[in-house]
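In what follows, a single structure is set out as structure tokens and then discussed.
The values are calculated or read from the model by the stated rules, or taken from the named source; none is laboratory data. In this text, all values refer to a predicted model and were calculated from it rather than measured experimentally. Here the Cβ positions follow ideal geometry from the backbone for every residue, glycine too, while neighbour counts run over all protein chains shown.
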Amino acid sequence: MSVFNTSHRPDNLILYLDAVSVSFDGFKALNALSFYVGRGELRAIIGPNGAGKTTMMDVVTGKTRPDVGSVVFGDRVDLTKLDEAEIANLGIGRKFQKPTVFENQTVFENLELALAGDRSIWASLFFRLNGAQRQRIQQVLALIRLHERRDWLAGNLSHGQKQWLEIGMLLMQDPQLLLVDEPAAGMTDEETMRTAQMLKEIAKDHSVVVVEHDMAFVKSLQCRVTVLHEGSVLAEGSLETVQANEQVIEVYLGR
Ligand code: ADP
């Protein structure tokens, strides 16, 4: 199916995948995948296991190079020509499924370390925050609902709170585009709903692409949804629209 039947082209693009294919030993994990994400948009990517969601994120972050196709960031930066570090430096942050925080540091220190960026943990001990940086940490603490736990050791947070802290750490780098992999996995229902609200707030200042399985979570994001299947876009639109799509129903229920 051609994506151009389904994918809406926003005026102001942050990300554009154009006919991207990736093969592993002859198996096409991505098969001429094309879609657009608008600047300032919150987008959910869904699809059954093996649909190519992780490979798509790997291609955007430079972990995997496509065989053919282009991945355009912003107006015209072709990400396929850059390595992972260069892509991260452009302002693309990725949150993996498993939280990786510094368990023996406090919530505040974790955000401070994230601000220190590439510096080693030792060098960052000598890193002094200026007023604007302190203010940014306070803003992020409020956004990730950890203001009251700012002095807790990260290791004492719940799984959901660690996920929020890691999202906060990515925000300290002020990314233009945030890729988030299954944030709701392992969360309580309440944490799941708070996470959806949080991502909606984050998307006011950043473009956010979320890969997710949990349909209740996707519903509460209230955003455009792209359905991947066999490495291509199967459908795109509101969750209600794609859930009513016969091909989508077949892919999800017909196995
Ligand atoms: P999803 O994240 O939607 O579950 P993936 O992108 O992980 O899908 O995988 C898409 C397909 O590509 C799957 O069939 C998977 O087995 C295959 N695949 C992914 N990575 C590799 C790899 N490094 N080597 C071989 N096959 C892979």
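Numerical summary
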read-out	value
Whichever residue in region 81-95 is buried (at least 16 other Cβ atoms within 10 Å of the Cβ) and small (Gly, Ala, Ser) and, among such residues, is farthest from LEU171 (Cα to Cα)	ALA88
In region 225-247, the residues that are over 15 Å from MET56 (Cβ atoms) and surrounded by fewer than 21 Cβ atoms within 10 Å (Cβ to Cβ)	GLY237, SER238, LEU239, GLU240, THR241, GLN243, ALA244, ASN245, GLU246, GLN247
Selected residue [surrounded by 18 or more Cβ atoms within 10 Å (Cβ to Cβ), among the polar types (S, T, N, Q) and over 30 Å from GLN105 (Cβ atoms)] from SER220, SER207	SER220
Residue list for region 23-60, filter: surrounded by fewer than 20 Cβ atoms within 10 Å (Cβ to Cβ) and hydroxyl-bearing (Ser, Thr, Tyr)	SER23, SER34, THR54
Residue that is nearest to THR226 (Cα to Cα), among those in region 53-107 that are away from the ligand (no atom under 16 Å from the Cβ), part of a loop (DSSP other than H, G, I, E, B) and free of Cβ contacts under 8 Å to residues at least 24 places away in the same chain	ARG76
Some residue of region 20-27 being within 16 Å of the ligand (Cβ to nearest atom) and in contact with a Ser or Thr (Cβ under 6 Å, 6 or more places away or on another chain)	yes
Any hit, region 119-137, residues being assigned to a loop (DSSP other than H, G, I, E, B) and at pLDDT 95 or above	no
